[in-house]
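Visitor: Starting off with a structure, shown below.
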């Protein structure tokens, strides 16, 4: 079981216990705070455990969202076939797309 699935299972069990009142109110409130902090950490760290720049969205994040392989998205970023301008990118650096670029990728693969 992946770490994300284990964390979700723990969260589900904690939520169920809180709803059944198996935990004191103070514990429930503390657990909600812990889960909020974990969600912030999860959004700040990518799948390899590297800190995210927070500046944009990566091809991998887009691939999960739209159901396309990230290598296919990167191929489109390198050679766009939608008639739009080329994407700006420094060779051998990680891709980070701004909201407009991410929307352009979504439109391209929505077809």
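Visitor: Is the shape of segment 3-44 rounded, prolate or oblate, going by the alpha carbon gyration tensor and its root eigenvalues a ≥ b ≥ c, with a/c under 1.5 for rounded and a/b larger than b/c for prolate? It would help to have the intermediate numbers written out before the result.
Guide: Values: a/c = 3.98, a/b = 1.54, b/c = 2.59.
Oblate shape, in that a/c is at least 1.5 and b/c is the bigger or equal ratio.
Visitor: Please report 57, 66 as a ranked list, fewest other C-beta atoms within 10 angstrom at the top and most at the bottom.
Guide: Details: 57 19, 66 14.
By the 10 Å Cβ count, ascending, the order reads 66, 57.
Visitor: For the peptides 96-102, 30-36, what is the packing order when you average, over each peptide's residues, the other Cβ atoms within 10 Å and list the highest mean first? Mind dumping the intermediate values first?
Guide: Numbers: 96-102: 15.1, 30-36: 12.7.
In decreasing order of mean packing, 96-102, 30-36 become 96-102, 30-36.
Visitor: Still on this structure, I have one more. Would you kindly state how much longer the chain becomes between residue 30 and residue 15 on full extension, computed as 0.36 nm times their sequence separation minus their alpha carbon distance, in nm to one decimal?
Guide: Full extension of this stretch gives 4.2 nm more.
None of the figures in this text is laboratory data; all of them are computed from the coordinates on show. Small disclaimer: the values here were computed from a predicted structure and weren't measured. All Cβ positions, even for glycine, are placed from backbone atoms using ideal geometry, and neighbour counts span all protein chains on display.
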